[in-house]
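The values are calculated or read from the model by the stated rules, or taken from the named source; none is laboratory data. Just so you know, these numbers come straight off a predicted model, no measurement behind them. Using ideal geometry, Cβ is built from the backbone for each residue, glycine included, and neighbour counts are taken over all protein chains shown. Accessible surface areas use protein heavy atoms only, side chains included; no ligands, DNA or RNA. Shrake-Rupley method; radii C 1.70, N 1.55, O 1.52, S 1.80 Å.
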Amino acid sequence: MNNQNDLCVLPEAEKLPTDVKSLEHDFRRYLVHHLGRFLGCNPHYLYEALSLTVRDRIMTDWRNTWLQHRRPEQRRAYYLSLEFLIGRALGNHLLNMNLSGEIAEAVQHFSQSLEEIQSREPDAGLGNGGLGRLAACFMDSCATLKLPVVGYGLRYEYGMFRQRIENGYQKEEPDHWLRDANPWELERAEYTQIVQFGGHTEHFTNRHGEPRTRWLNTEDVLAIPFDVPVSGYRNGVVNTLRLWKATATDEFNLDEFNAGSYPESVAAKNDAEHITMVLYPNDSSENGKELRLRQQYFLASASLQDIIRQWELIHGEDYANFAAQNVFQLNDTHPAIGVAELMRILIDDKHLSWEQAWKITSDTMAYTNHTLLPEALERWPVQLFERLLPRLLEIIYEINAHFLKQVAIRWPGDSDRRRRMSIIEENNGKSVRMAYLAIVGSFSVNGVAELHSELLRKGLFRDFYELWPEKFNNKTNGVTPRRWIAHANPEMTALISSKIGDEWISDLSKIEQLKPYANGNNKTFHAQWQAAKTANKRELAKLVKEECGVDFPLDSLFDVQVKRIHEYKRQLLNVLHVIHLYNRIRHGDTTDWTNRCVLIGGKAAPGYFMAKRIIKLINNVAEIINSDPEVGDKLKLAFLPNYRVSSMEVIAPATDLSEQISTAGKEASGTGNMKFMMNGALTIGTYDGANIEMLDAVGVDNFFLFGLKVDEVEALKTHYDPQGLIAADEDLKAVFQLLESGHFNIEEPGIFDQVITAMKDPHDPWMTVADFRSYTEVQQHAASAYRDRQHWTRMSIMNTACSGFFSTDRTMQDYNSDIWKLSPMDLG
Ligand code: 26Q
């Protein structure tokens, strides 16, 4: 095998030429001879032809990396995730392959601009937000670090919905991103897997007297893999993201067919294809939806079967070393059914004993938690499981029985603890607690920021931490500096590299060499830094003008909050502050005023009433403020529709002030916060998630900290009195008076009543009103600080210079040294 692999490694000579002439030639060949189009065609085809030209130049590295992965002695990791929010690919590969210059020149010879062609690529919106984007940044860093990691996910026909704003309200439109061909995927039908659903189980004894289980009369669905290349930064590595598409088995249900139920048997085909039709657009769990559980099992089963198939190709049916060479990282509980599925494969198909199978499973699975919100913890009704995955339910029951025995030994007679820790919850109707299944089945459980991991140990998973303290660990999130600095902010990238060289791009710890340049004596550098920021602000202002019709003057403070709309993220607190500024302007309280442009963007889950109403409020407040001549350039508010990965590539480089204002203890980590910091924005933020570590890194002088801390939020719960706070604070009182007067909704009376009532409720879990005073004061500090442009520039440079820790390269090194223990591949 080894020899055969070596023979397969493609020699350097096989690589395609990358000079401008060859690129031009191939671009034309693809456009004319492959796609059958000409230069005046729909620009999508220019994008497709160019992508195919670039993809060709990735192929040999991709194949060599794949062969390296498959070496018998290579330990590998698999990142299992229902979401990979990868965004656009072309620009990213051009950067990684160092081809941007040549490609730009090549297309120029056809009078085309590379930027214009790049803008034609649809975002691959295969995720909701933070968790999905994190998976994409992880894949990027693993390739750059030469780690043998394969991503497994779903190839949704429709990604995250497109958001339109109509009369201030969010409207969802389906995102058929695959309508025009996707040049970045390679179908590998030869590795199709079969995934079973439904049916029933049968227990029997084989002719050797051994107990066996069969899962019979199932409805089978085919899983077809589509591979997407993940290139490393200029290192010869191209890893793989394998996405499954569901289709019906070719054989129709013959019984139904013969009984004359032709339509029913064809309908079954339809059912199968629905599994990967659409991404669920909730970023906190929507409970009990059968199709979602189908998606989860489909991913887990197809991926594990695929991995077992590859194992047997090399090792036959010998599983002795399986755990030594494979590790699975579960991206939240979404793929946690994989714990039971691996048990099923090893026991029912490979005939291992329970003990052998359990040893392998619990030595290979590792679980990452991404949320503290109890309502977001996944629970599946046992009834649903029974009908959809009867064999898996049996296995979960047996895992639970073994586990509860352990609990009983550790805490004899503590039946309350057994009830609390059981994988099966027995409230009104039984359900499966997926987080508990994941913890029991994994050797590692991690949170995504220091505070979050601590809250898991002390709160949500306390019982489990007492039982298995050694399983628990923290892995603070990061973001990839390739996409989020080098690609998104070429001006700043060139400036930084001109001072400290370009090694920081693949070793962000080196960005600290920028610190001396923060000093105000570096007048030229400061001026260049400001010029880069202003150029980026010009681009964002253009986007805001096009999308919202609002003018953003470039010398204003650009104050930005972009993320999913959720009550805990407190876009409302931001709006209260904007209304307060509006009041100040109306009352002429504008001495030493700092002009400010507030940008808010993000999608609301289609069924989340409050979140959608908050969008409407933002739009209505914007309408009033932006059309008031008294306000002028002093204050602007815009809601940017359809916030997505490619919008953030324009937004982060242009932002002065980044809003990270969640209620303390609610945001697991945040990762947008890091993208802003890297691009030289200052953060106004609460003591929450990774904000705390960012504050540590940059120092309190370069960060606008405000608000209650976790224990203060906790302590206040018993006597929280928002109405008392409003009555006692003249500014806040004025804000609520204006809101309640209907000033922002004259044409639609009452539409904000629920939003206002929620903030005034003593049981408001987000305590928006509690943080208003401190937020407003710190906003005032930020505004004054911005007036001293040299001071601000110093702080801005310091933020970039101190962002080294927040690279996913560091995060991946942490996962690797503590959990995965992979050796980098020998390539490039
Ligand atoms: C679950 C079941 C059914 C339908 C949907 C879901 C679902 C889907 C997505 C539940 C949660 C999510 C996404 C969660 C998420 O994005 N969490 C964020 O993860 C980031 C990366 O770790 C953190 O930085 C954020 O703090 C956290 O909110």
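Distance between the C-alpha centres of the range 783-798 and the range 691-718: 21 Å, rounded to the whole angstrom. Between Met677, His315, Gln406, the Cα set farthest toward the positive side of the dipole of the chain (charges on each charged residue's Cβ, about the Cα centre) is that of Met677.
Of the three principal axes defined by the Cα atoms of the range 303-436, the extents in descending order read 47, 31, 29 Å. Legend: P(r) of the range 620-728 from all alpha carbon pair distances, 10 Å bins from 0, whole percents, reading 12, 31, 33, 22, 2. Note on the range 105-237: Cα-only Rg and Dmax are 22.2, 76 Å. Of interest is the spacing of the C-alpha centroids, which for the range 273-293 and the range 76-123 amounts to 29 Å.
What is the chain's relative contact order, in percent, from Cα pairs under 8 angstrom and six or more apart in sequence? Computed over the chain, the figure is 14 percent. Overall, the ratio between the Cα radius of gyration of the range 160-208 and 2.2 N^0.38 Å, rounded to two decimals, is 2.34.
Temperature 4 °C, viscosity 1.567 mPa s: under these conditions the Stokes-Einstein estimate for the chain, based on its Kirkwood radius over C-alpha pairs, is 46 µm² per second. Along the axis of the charge dipole computed for the range 131-290 (Cβ charges of +1 for Lys and Arg, -1 for Asp and Glu, origin at the Cα centre), the listed residues Phe204, Asn287, Val230 are led at the positive end by Val230. So how tilted is helix 772-787 from the main axis of the chain? Cα-based, degrees 0 to 90, rounded to 10. With both axes taken from Cα atoms, the answer is about 70 degrees.
Taken about its Cα centre, the range 27-94 carries a charge dipole of about 200 debye when Lys and Arg each add +1 at the Cβ and Asp and Glu each add -1 at the Cβ. At a 1.4 Å probe, what is the % contribution of carbon and sulfur to the accessible area of the chain? Whole-percent figure for carbon plus sulfur exposure: 49. Computed about its Cα centre, the charge dipole of the range 689-776 is approximately 100 debye, with only Lys, Arg, Asp and Glu carrying charge at their Cβ. The packing ranking of peptides 729-739, 386-396, 561-571, highest mean first, is 561-571, 386-396, 729-739, where packing means the average number of other beta carbon atoms within 10 angstrom of each residue. Applying a DSSP loop filter and a limit of 11 other Cβ atoms within 10 Å to the GluC sites (Glu not before Pro) in the range 275-324 leaves Glu317. Here the range 398-520 was treated as a single set of alpha-carbon atoms; its pair distances binned every 10 Å from 0 give 11, 29, 18, 14, 14, 11, 3 percent. Every helix of 4 or more DSSP H residues in the chain counts as -39500 (n - 2.57), and over all residues that averages to -13500 deg cm²/dmol at 222 nm. Only one residue of Val432, Leu389, Thr368 has its Cα farthest out toward the positive end of the dipole of the range 363-442, where Lys and Arg carry +1 and Asp and Glu -1 on Cβ, and that residue is Val432. From Cα pairs below 8 angstrom and at least 6 apart in sequence, can you work out the relative contact order of the range 491-596, rounded to a whole percent? Reported relative contact order: 19 percent.
Under a Cβ-only charge scheme (Lys and Arg +1, Asp and Glu -1), can you give me the dipole magnitude of the chain about the Cα centre, in debye to the nearest 20?
Around 860 debye, computed over the chain.
Protection proxy ranking of 528-538, 336-346, 203-213, by the mean of other Cβ atoms within 10 Å over each peptide's residues and highest first, is 336-346, 528-538, 203-213.
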